[in-house]
Amino acid sequence: MAETYDYDLFTIGAGSGGTRASRVSAGHGAKVAIAEEYRVGGTCVIRGCVPKKMLIYGAHFAEDLEDAQRFGWTVDNCTFDWKTLRDNVQDDVDRLNGAYTDTLENHGVEIFHERAEITGPHSVKLASGREVTAKYILVACGARPHVPECGGSDLGITSNDAFHLEELPKRILIAGGGYIANEFAGIFNEFGTKVTIINRSKTLLRQYDQALRDRLLQISIAKGIDFRFDAEFESIERTDEGCLRVHMSNHEPMDVDCVMYATGRVPNTEGLGLENAGVELDEKGAIKVDEYSQTSCESIYAVGDCTPRIQLTPVAIREGQAFADTIFGGNKTAVDLSCVPSAVFSHPPIASVGLTEGDAKNKLGSVKVYQSDFRPMKNVLAGRDERSLYKMVCDAANDRIVGIHLIGPDAPEILQAAAVAVKAGLTKADFDATVAIHPTMAEELVLLK
Ligand code: NDP
């Protein structure tokens, strides 16, 4: 006789991946429950991409208001109130949290607002003590900010806390040179905080094309952001004056009001009972999965940032969808992680798809690079000496585009459409054959030399 379970699917973690997988599985007819120990919505919605983007919008007004005067506007007595923005952003986070909860409930997914731990290949124990069984378990428990191990590290904050600051710091030191460091550096700098980024290596945003990284560094410095490279945390102490003194390798100690860690994110896999079901982890604690998101335990799958794949919301959503279609939709679907576009919402933003020039040369040998280094029309009239850079990398053997890399205003908005072309395997000639929309920044893509 077939074994019976309380649920067809039990999902741990109601973030982007877990929510999509649960909702779609329920839509396919599965009986689904989901456990979430914090707030439904996960990192992206509650303390990541979404509130961060709202802060980016808020920060941008600083430059827009400055530029407005060159466009004839008199902008008097402008002031910025952090608490107004912070609270309005949190109100919208509450709205989204409600929307995500409604979506799950409307699809008949039972929500447990508590922590769940795996007790076996088909069983989960909830914090309240209740034990439930499921034919499949999906682990979608995400990741959390890495906090460097050093004396006084508890004196610093992470991006989780940045959304809730009581006051804006006058001086902030941000550790790390990746996405979060550069995005929050732009935000705080626009709000008038003195920002210093310290990075353990000489390289910012290592996975992006070098020319774009160099351009962002140059523009960031011009905007007043300071950088210290080869600077590894040694310790943090609170001084008698009440500020934080940060000691680091190769540089003098530095006094600031706030220290924020942006040194990567680690999978939330400890204490989850994964060992009870023989689920294997990699050396960084991420759950090993195959192309169908199946773990080393047949009945347990994992999606999103707790797996060693790309830590991006749309990727987790794809993985969740593919899981649901494979297991409950009768449509075995592997996740296609080739040509995933991405963006850094720095000031100005970077957006990229495919291979960098360096990676393309290593992989293909001979490449052709087309480039436009231009000053957007709005910046010209505003008297803002900030140039954009667009790069297209092609396989010299067949003209096929293998990468597009942009830095400049609205770069992520522009790249999304161009990423379709790269994914579809189009060539430089296809772009050349497309008539420009004038005057735009995006037209540079079809006019590249
Ligand atoms: P990133 O992986 O982007 O960058 C981490 C940075 O911290 C690197 O500069 C790295 O240096 C440095 N670093 C790593 N470990 C240490 C350490 N032990 N001590 C000192 N420095 C260290 O991480 P983030 O925290 O910025 O973001 C985490 C992830 O979240 C990203 O990888 C991304 O996938 C996702 N994310 C995406 C966003 C988007 O799509 N716009 C926005 C925010 C986050 P080195 O290069 O030398 O290793």
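The values are calculated or read from the model by the stated rules, or taken from the named source; none is laboratory data. No experiment lies behind these values; they were computed from the predicted model shown. All Cβ positions, even for glycine, are placed from backbone atoms using ideal geometry, and neighbour counts span all protein chains on display. In case anyone asks, the SASA skips ligands and DNA or RNA and just uses the protein heavy atoms, side chains included. Shrake-Rupley method; radii C 1.70, N 1.55, O 1.52, S 1.80 Å.
Taking into account only those residues within the stretch 290-340 that are over 23 Å from residue 421 (Cα atoms), open to solvent by less than 40 Å² (accessible area, probe 1.4 Å) and in a loop (DSSP other than H, G, I, E, B), which is nearest to the ligand (Cβ to nearest atom)?
Only one residue tops the list, namely 307.
Limited to the stretch 266-283, what total is found for residues that are within 25 Å of residue 161 (Cβ to Cβ) and surrounded by fewer than 16 Cβ atoms within 10 Å (Cβ to Cβ)?
Total satisfying the criteria: 2.
When the stretch 74-106 is examined, which residues are found to be assigned to a loop (DSSP other than H, G, I, E, B) and of a type in the set (A, V, I, L, M)? Spell out how you get there, then give the answer.
The first filter runs over the stretch 74-106 and keeps only residues assigned to a loop (DSSP other than H, G, I, E, B), leaving 74-81.
Correct list: 75 only.
Give me the pairs, please: first residue somewhere in the stretch 212-236 and touching a residue at least 12 places away in the same chain (Cβ under 8 Å), second residue anywhere and among the basic types (Lys, Arg) and exposed (fewer than 15 other Cβ atoms within 10 Å of the Cβ), beta-carbon distance under 8 Å, and either six or more positions apart or on two chains.
Short answer, once both residue conditions are applied: 229/202; 230/202.
Yes or no, residue by residue, for (1) in contact with a helix residue (DSSP H, G or I) (Cβ under 9 Å, 6 or more places away or on another chain); (2) touching a residue at least 12 places away in the same chain (Cβ under 8 Å); (3) under 30 Å from residue 71 (Cβ atoms):
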{"residue": "385", "(1), (2), (3)": "yes, yes, yes"}
{"residue": "414", "(1), (2), (3)": "yes, yes, yes"}
{"residue": "422", "(1), (2), (3)": "no, yes, no"}
{"residue": "425", "(1), (2), (3)": "no, yes, no"}
{"residue": "431", "(1), (2), (3)": "yes, yes, no"}
{"residue": "436", "(1), (2), (3)": "yes, no, yes"}
{"residue": "439", "(1), (2), (3)": "yes, yes, yes"}
{"residue": "442", "(1), (2), (3)": "yes, yes, yes"}
{"residue": "449", "(1), (2), (3)": "no, yes, no"}
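Considering only residues that are among the small types (Gly, Ala, Ser) and surrounded by fewer than 20 Cβ atoms within 10 Å (Cβ to Cβ), look in the stretch 244-265 and name the one that is nearest to residue 184 (Cα to Cα).
My answer is 264.
Is there a residue being within 19 Å of residue 200 (Cβ to Cβ) and within 16 Å of the ligand (Cβ to nearest atom) anywhere in the stretch 251-258?
Yes, because at least one residue in the stretch 251-258 is within 19 Å of residue 200 (Cβ to Cβ) and within 16 Å of the ligand (Cβ to nearest atom).
Taking helices (runs of 4 or more DSSP H) that fall entirely within the stretch 121-224, which contain at least 2 residues that are modelled with pLDDT under 95, on the phi > 0 side of the Ramachandran plot and open to solvent by 60 Å² or more (accessible area, probe 1.4 Å)? So that I can check it myself, show each step before the final result.
Values: elements: 159-162, 179-190, 210-223.
Fully inside the stretch 121-224 and qualifying: nothing.
Going residue by residue through the stretch 101-120, is there one that turns out to be away from the ligand (no atom under 16 Å from the Cβ), surrounded by 16 or more Cβ atoms within 10 Å (Cβ to Cβ) and of a type in the set (Gly, Ala, Ser)?
Checking the stretch 101-120: at least one residue is away from the ligand (no atom under 16 Å from the Cβ), surrounded by 16 or more Cβ atoms within 10 Å (Cβ to Cβ) and of a type in the set (Gly, Ala, Ser).
For the stretch 259-278, state whether one or more residues are more than 30 Å from residue 301 (Cβ to Cβ), within 16 Å of the ligand (Cβ to nearest atom) and free of Cβ contacts under 8 Å to residues at least 24 places away in the same chain.
no
Just one of 232, 241 is modelled with pLDDT under 95 and surrounded by 15 or more Cβ atoms within 10 Å (Cβ to Cβ); which is it?
Numbers: 241 fails: surrounded by 15 or more Cβ atoms within 10 Å (Cβ to Cβ).
Sole residue among the options that is modelled with pLDDT under 95 and surrounded by 15 or more Cβ atoms within 10 Å (Cβ to Cβ): 232.
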